[in-house]
Each structure stands twice: as C-alpha cells, then as structure tokens.
Amino acid sequence: MTTATGTAPAGTPRTSPAPATTPTTRTARTAAPSLPSLTGLRWMAALLVFGLHVHNFGYFGGTADRITTWAFGAGGTGVSFFFVLSGFVLMWSARPGDRAPAFFRRRVARILPVHLVTAALALVMAWTLPRMAMPTLGQGLANVLLLHSWWRPWWQTLDPVSWSLACEAFFYATFPLLALLLRRLGARGSAALAAASLLTVLVLAWADAHHWFGQPLYSFPAARLPEFVLGVAVARLVLLDRWRGPGLEGSLALAIIGYFLVPQVTAGYPATTCTVLGFALLIPAAAVADLHGLPSLWRHRRLVRLGELSFAFYMVHLLVLRAGTALLGVKPRYGFVEGLTVTAVAFTVSLALSWLLYEKVERPARRLLLRRRGVRRGGRKEAARSER
C-alpha cells in the first residue's frame with residue numbers, strides 16, 4: 001500500500017542507514033537513500049488493523065474482549081498511517097524528470113497483482129462458503145478497477161480491505177501534479193501545505209461528525225487525500241533538510257497518546273484527527289534517524305522483513321478471518337486462552353499466505369511488469385525500478 005498501506009516500503013529494506021553526511025537532494029540519476037525504519041513501521045500499522053479485525057470478529061469474550069477493545073479498538077487508524085506514509089514514500093523516491101506513464105506503470109506493478117489475486121480468492125470464497133455475499137457484476141468490476149470506494153454500496157465488496165487501494169489509486173492520479181507543485185514551492189510552501197492538510201482533516205472530521213455529507217467520509221478517496229498530501233509535504237521538507245520535528249522517541253510518544261485518545265471522539269473518519277499529527281511527526285523522524293544513523297528499533301531486520309510482507313498480509317488477513325467463520329461461527333466469544341489460540345492460528349495462516357503472495361505473486365509480477373523497456377540515449381537500456 002503505498003498503501004496500507006495500504007503504503008509501499010521505502011527503498012531496499014536491508015540496506016544500511018545512510019551516514020549523516022548523505023545529502024537528501026539528488027539528481028535524476030541518483031537513487032533515494034534507503035529508509036528501512038519506515039518498512040518496519042509499516043508492519044506495526046498492519047498489525048493494528050489485524051487486531052481491530054480480530055476484535056470485530058468477536059474472538060474474545062468477557063474481560064479479554066475489553067482488553068482487546070482497549071488495545072485494538074482504534075486499529076483502523078493504521079490505514080491513516082498507510083496513507084501518510086504513502087505520500088512520504090512517493091515524494092521521497094520520486095525521480096526528477098520522471099514522466100507520469102512510468103510512474104503509473106510502477107504503481108500498477110506494485111499493487112495490482114496482489115489485489116487481483118486476493119479479489120479472485122474472495123470470489124471463490126463467496127461461491128463456496130456460507131454467509132458470504134456474492135457481488136454483482138457492477139460491484140465486482142468496480143472492485144477490480146479500484147473504483148469501489150467512490151460509492152458506498154460498493155466499498156466492502158470482494159476483499160473488503162481493498163477499499164484503501166481505491167483511495168491509493170486516486171492518490172497516485174494526483175501525485176505527478178502534486179510533486180511538480182511542491183518542487184516549485186520550496187520549504188515554506190511545503191510547510192504551509194502540510195499545515196493546510198492538517199487543518200483540512202480537522203474540518204472534514206467536524207463536518208463528518210455532524211453528518212454534513214451524504215455518505216461517511218472514512219472510505220471516500222477525496223476525503224482521505226489530505227493525509228496523503230501531508231505525507232508528501234513533510235517528505236519534501238526532509239528532502240530539503242528543513243525538517244525540524246521532534247525525534248523518534250518523542251514522535252512515537254505523541255502517536256501512541258493520539259491512538260489511545262481515539263475512543264474519545266466519534267467513530268469513523270473523526271478518529272483520524274487523534275493520530276494524524278503523531279503519524280506526520282513519526283514518519284519523518286524515522287526517516288531522519290535512518291539518514292543520520294541514529295538508533296531505531298524499527299530497522300531491526302525481522303521487523304523490516306515483516307514490513308516487506310505487510311502489504312500482502314494486509315490484503316489477505318481479513319479473508320482468513322472470514323473463512324474462519326465457517327468453522328468457528330459468528331463472534332464465538334471465547335475465553336482468553338481459547339481466543340488467543342484461535343487468534344494465533346489466524347495470524348499464522350495469514351502470515352504464511354502473505355509470504356506466499358509476496359514471494360510467488362508480488363515480486364515476480366513486479367519484475368515481469370517492469371522488465372527492461374526502451375533504450376536510453378547512447379544505447380543504454382533502462383531497467384524500470386519500483387518504489388518498494
């Protein structure tokens with residue numbers, strides 16, 4: 001996800017962090033430095049979404065349910081993290097002089113193969129499992145084309161979490177123009193755009209809580225655009241070496257405080273207001289830590305590896321939980337030990353399938369779609385590379 005990510009990891013995850021002298025500005029021929037901490041953070045956001053869905057499927061009852069609610073009731077904000085991160089990563093890895101068709105081809109190669117496979121899996125499940133609705137032809141086409149979040153009756157068809165990919169597809173459509181604008185604005189203009197994006201989130205949340213719109217804004221792509229723009233703007237500040245936010249520990253503390261404030265606001269889009277500032281501080285703080293070689297637990301190799309799998313995990317985990325209802329029933333409300341056991345099984349199956357999707361679908365399909373194409377001046381062939 002650039003996504004949920006639904007967002008993509010930045011750079012090659014196992015690359016060592018850049019030294020403090022590494023410049024952030026670069027030419028068209030210079031690759032962006034790797035930011036492995038962002039990959040590790042992606043896994044934590046995916047885990048929050050998984051916890052929310054375990055809670056929603058009612059695996060726990062009694063005290064265990066209350067603990068799960070406390071820990072993961074705000075897990076949906078992990079999607080907001082993906083949106084901010086997506087903007088940051090795309091701005092960070094954007095290539096000066098890059099053309100829109102090449103950018104769009106890389107983004108299609110990044111998200112579409114896994115989306116199509118999980119949509120097909122969801123369709124098979126709808127045919128074969130009880131209590132799963134079969135989508136209409138229109139719903140199915142809208143889902144495959146990533147248009148389903150624009151109309152509320154379509155947004156939960158096939159693989160429900162793919163609604164965030166429809167938002168990402170809209171973000172991608174806006175990005176080339178947005179990147180062009182930011183390169184002309186400079187540091188002050190980028191800071192002003194970041195502030196305006198935060199203000200827009202607050203205004204939309206207030207309007208959504210007061211039912212000013214015909215449909216909830218939580219899944220509406222245009223309403224989620226400010227989070228993406230915020231990520232783009234703060235990435236530009238880091239690129240210009242003008243980021244002056246708090247360090248990694250302080251940013252993480254603010255993000256955690258915001259996360260646990262979510263139950264105090266109206267459910268849905270307004271929850272974004274509690275966490276968006278913390279996320280917008282945490283992501284560049286992690287990037288700066290990588291650039292300057294500062295300590296960061298998020299670049300631990302196991303977290304980074306899990307971060308590589310996070311997009312596939314995000315896309316498949318809800319299908320695993322839905323398949324489980326055929327065996328467990330709807331909201332079984334187990335005790336702590338039984339619920340923890342069932343959750344561990346669902347997690348293990350989801351992680352195994354995410355590894356399979358990553359190694360056998362995501363990576364091979366991306367290599368296939370981004371094979372060498374065309375010849376540069378002077379006879380040199382250009383190998384297309386995706387933003388990871």
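The values are calculated or read from the model by the stated rules, or taken from the named source; none is laboratory data. Since the model is a prediction, treat every value here as computed from it, not as a measurement. Cβ: placed from backbone, ideal geometry, glycine included. Neighbour counts: every protein chain shown. Heads up: the accessible areas ignore ligands, DNA and RNA and are worked out on the full protein's heavy atoms, side chains in. Shrake-Rupley method; radii C 1.70, N 1.55, O 1.52, S 1.80 Å.
Structural remarks
- Pairs with Cβ under 6 Å, 6+ apart, first in segment 79-94 and touching a residue at least 60 places away in the same chain (Cβ under 8 Å) and at positive phi, second buried (at least 24 other Cβ atoms within 10 Å of the Cβ) and of a type outside the set (S, T, N, Q): none
- All of (1) closer than 20 Å to ALA323 by Cβ; (2) open to solvent by 10 Å² or more (accessible area, probe 1.4 Å) hold for PHE104 with one exception: (1).
- Some residue of segment 277-296 being more than 30 Å from HIS211 (Cα to Cα), within 18 Å of the chain's Cα centre (by Cα) and charged (D, E, K, R): no
- Qualifying residue in segment 124-142 (condition: under 22 Å from ARG366 (Cα atoms) and out of contact with any Gly (no Cβ under 7 Å at 6 or more places or on another chain)): no
- Among residues of segment 56-65, those that are outside any loop (DSSP other than H, G, I, E, B) and within 17 Å of VAL337 (Cα to Cα), counted: 5
- The listed residue being in a helix (DSSP H, G or I), out of contact with any His (no Cβ under 7 Å at 6 or more places or on another chain) and open to solvent by 20 Å² or more (accessible area, probe 1.4 Å), out of LEU121, LEU182: LEU121
- Residue in segment 328-351 that is outside any helix (DSSP H, G or I), closer than 30 Å to ALA205 by Cβ and among the charged types (D, E, K, R) present: yes
- In the condition set (1) within 17 Å of MET91 (Cβ to Cβ); (2) touching a residue at least 40 places away in the same chain (Cβ under 8 Å); (3) out of contact with any Lys or Arg (no Cβ under 8 Å at 6 or more places or on another chain), TYR172 is compliant with all but (3).
- LEU252 vs. criteria open to solvent by 10 Å² or more (accessible area, probe 1.4 Å), assigned to a helix (DSSP H, G or I), modelled with pLDDT of 95 or more and more than 16 Å from LEU52 (Cβ to Cβ): yes
- Residues that are open to solvent by 10 Å² or more (accessible area, probe 1.4 Å) and at positive phi within segment 53-78 comprise just one, GLY62.
- Qualifying residue in segment 295-309 (condition: among the hydroxyl-bearing types (Ser, Thr, Tyr), open to solvent by 10 Å² or more (accessible area, probe 1.4 Å) and assigned to a helix (DSSP H, G or I)): no
- Some residue of segment 42-50 being open to solvent by 10 Å² or more (accessible area, probe 1.4 Å) and basic (Lys, Arg): no
- If you go through segment 310-341 and keep only what is among the β-branched types (Val, Ile, Thr) and crowded, with 20+ Cβ neighbours inside 10 Å, you end up with VAL316, VAL320.
Residue by residue, here is whether (1) among the aliphatic types (A, V, I, L, M); (2) over 24 Å from PHE170 (Cα atoms); (3) not in a helix (DSSP H, G or I) holds:
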| residue | (1), (2), (3) |
| --- | --- |
| GLY51 | no, yes, no |
| VAL54 | yes, yes, no |
| ILE67 | yes, yes, no |
| VAL117 | yes, no, no |
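- Index of the failed condition, ARG95 passing every other in (1) surrounded by fewer than 22 Cβ atoms within 10 Å (Cβ to Cβ); (2) touching a strand residue (DSSP E or B) at 6+ places or on another chain (Cβ under 8 Å): (2)
- Checking each residue in segment 153-168 for being open to solvent by 10 Å² or more (accessible area, probe 1.4 Å), of a type outside the set (Val, Ile, Thr) and within 21 Å of TYR314 (Cα to Cα) picks out TRP154, TRP155, GLN156, LEU158, TRP163.
- Residues being in a loop (DSSP other than H, G, I, E, B), free of Cβ contacts under 8 Å to residues at least 12 places away in the same chain and among the small types (Gly, Ala, Ser) - total across segment 185-220: 1
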